[in-house]
1. Quickly work out the Lys111-to-Glu156 label distance, labels modelled 7 Å from Cα along the C-beta direction, and quote it in nm with one decimal.
2. For segment 255-374, take N as its residue count and report Rg(C-alpha) divided by 2.2 N^0.38 Å.
3. On a 0 to 90° scale, report how tilted helix 205-221 is relative to the longest principal axis of the chain, with both axes built from alpha carbons and the result rounded to the nearest 10.
4. Suppose accessible area is computed on protein heavy atoms with a 1.4 Å probe; arrange Tyr332, Tyr84 from highest to lowest.
5. At a probe size of 1.4 Å, how large is the accessible area of Thr250, to the nearest 10 Å²?
6. Sorted by packing (mean other beta-carbon atoms within 10 Å per residue), highest first, where do 399-409, 189-199 land?
7. What's the long-distance tail for the chain, i.e. % of Cα pairs beyond 27 Å?
8. Quote to one decimal, in nm, the extra length available between Asp248 and Glu288 on full extension: 0.36 nm per residue of separation minus the C-alpha distance between them.
Amino acid sequence: MKMFLKDALIYKDGNFLKQDLLLDNGHIIPSGAPTADGESAIPFLNNLFIFPGFVDVHVHLREPGFIMKETIESGTLASARGGYTTVCSMPNLNPPPDCMENLNLQLERIKATAHINVLPFGTITKGQMGEELADMDAMAPFVAGFSDDGRGVQSEELMLKAMEKAKSLNKIISAHCEDNSLLFGGYIHDGEYAKAHGHKGICSESEWRPIKRDIELAEKTGCKYHVCHISTKESVELIRKAKADGVDITCETAPHYLVMDDSNLKEDGRFKMNPPLRSPADREALIEGIKDGTIDMIATDHAPHTADEKSKGLAGSLMGVVGIETAFAVMYTKLVKTGVITLEKLIELMAINPRKRFNIPFDDSFTVWDLNTEFTVNPDEFLSKGRATPFKGEKLFGRCVLTALNGKTVYSID
């Protein structure tokens, strides 16, 4: 596929440079306007942006075990449409990747069906049961890191052992921080909406208290520690202080936590995720964390479920929303166009910082975007099997025109 870009803005070393470019079968070629015979049919597009391929360090591809929700093929197609060329897949699967035998099932499917790079996480504990360590030694060469995502490691002693092991293997612990003793059956944030509508709430302490514990363990062990999907103001402050104290810690948050809070809730399963949408004050703290560098990256926590599983309202639906196809457009529309952060900062959060932290190579990948096109989010058009998004019906700017990986076009508009 060939495409000529006039006055394209290409991201290089933190800045945007304007160039005329020819895209030729997944390669970028500096070029003047095409004039040779046979090139007159090349699409001629103006003022597009070229970014490095995005990296999402928190994606649920659901295979093996839950292919009715998503497959590696469908999830990576959706990722490519969202501008992603690498995703890190979470391990709450069946069987969970807690040993090489189970991990190989996933690696084989990745090799056979993935459209982009997929780096799986191995589990921290066997079966994600929180009782004994998984076979971290054997899996280390093949995984992005170790996580029991979907479940917090409740035992301080076991988390200490996990961090010591991860330190010896030079791998990251990517922690889902949730204290089960503080949940009390809650399923949305313990805030104004829950009180007004008679819902059971999840307190903020259930997230920040395990983070506080783990920071102390990470400081003690020197382990590379990464916190998944932070959502509370206390979490931001704890991580900010830990960084100032020299702890080897990074964290992520997701687009929905940055632009929504519990005042946006509706009686619909597409607003139910874990952690939940928190208070306006929490959202504002997350924004400040993005701006000052406390929060290192944006990850989607793309978590598809079947339509039936998401049809039971806030109380009965499973937790998890999809977001891999809308993440950039949401962030660009809500944060960049409104002047909260720069476009350069957004690219750092979505493409540069994840690579640096998770030791992902800066490969020959890129994604091309038309930032002037407005569209309405229609889940029926998603390539993901998941349809539950809190952004349904939102008007957003930014359309992915093409995504390429190592000389191969993995997504392009029709």
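The values are calculated or read from the model by the stated rules, or taken from the named source; none is laboratory data. The structure presented is a predicted model; accordingly, all values stated were derived computationally and were not measured. Don't worry about glycine lacking a Cβ; one is built from the backbone with ideal geometry, like all the others, and counts go over all protein chains shown. These accessible areas exclude ligands, DNA and RNA; they are computed on the full protein's heavy atoms, side chains included. Shrake-Rupley method; radii C 1.70, N 1.55, O 1.52, S 1.80 Å.
1. Here the modelled spin labels are 4.4 nm apart.
2. 1.15
3. On a 0 to 90 degree scale, this one is about 90.
4. Descending accessible area places them as Tyr332, Tyr84.
5. Thr250 has an accessible surface of roughly 10 Å² with all protein chains in place.
6. Taking the mean over residues of other Cβ atoms within 10 Å, the ranking is 399-409, 189-199.
7. Of the Cα pairs, 49 percent sit more than 27 Å apart.
8. That pair, Asp248 and Glu288, stretches by 12.4 nm at full extension.
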